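Heads up: the structure comes next, in structure tokens.
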């Protein structure tokens, strides 16, 4: 009687997304969460005149060019800087012998993930401030 070969054991961990997918997801999440921060800040400053921007750099930019241009410009620069520093971190980690795709994924999770969490926290704080005014 012929028997079939046993199936190969399945990996216990899912395969991480490809590098380009990791970057797209990371930058996308960062952009969306920064957008939430900008949107809630613009809304709060326009709809509740008692509120003021607490970030001195943003407040100075708002005085110079207005709320929306300042926050869009600073938000864009922030996303670009975080992406640059995160990807430079990936390049640095890649230089160590034996690094794997999950190692590079971990760097991206910390870089993009932490910044995205901070953006969400700021947006939530903005909403809470707006609701108390």
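Residues in segment 73-90 that are touching a residue at least 24 places away in the same chain (Cβ under 8 Å) and closer than 10 Å to residue 34 by Cβ: 4 in all. Among the residues making up segment 24-76, those that are under 30 Å from residue 100 (Cβ atoms) and touching a helix residue (DSSP H, G or I) at 6+ places or on another chain (Cβ under 7 Å) are 26, 27, 29, 30, 31, 33, 34. Of the helices (runs of 4 or more DSSP H) entirely within segment 21-133, none holds at least 2 residues that are surrounded by fewer than 18 Cβ atoms within 10 Å (Cβ to Cβ), modelled with pLDDT under 95 and in contact with a strand residue (DSSP E or B) (Cβ under 9 Å, 6 or more places away or on another chain). Being part of a helix (DSSP H, G or I), modelled with pLDDT under 90 and out of contact with any strand residue (DSSP E or B) (no Cβ under 9 Å at 6 or more places or on another chain) is not true of residue 11. In segment 91-108, of all residues being touching a residue at least 60 places away in the same chain (Cβ under 8 Å) and in contact with a helix residue (DSSP H, G or I) (Cβ under 9 Å, 6 or more places away or on another chain), the one that is nearest to residue 53 (Cα to Cα) corresponds to 108.
The values are calculated or read from the model by the stated rules, or taken from the named source; none is laboratory data. Being a predicted model, the structure only gives us computed values, none of them experimental. Note that we place each Cβ from the backbone using ideal geometry, even for glycine, and neighbour counts take in every protein chain shown.
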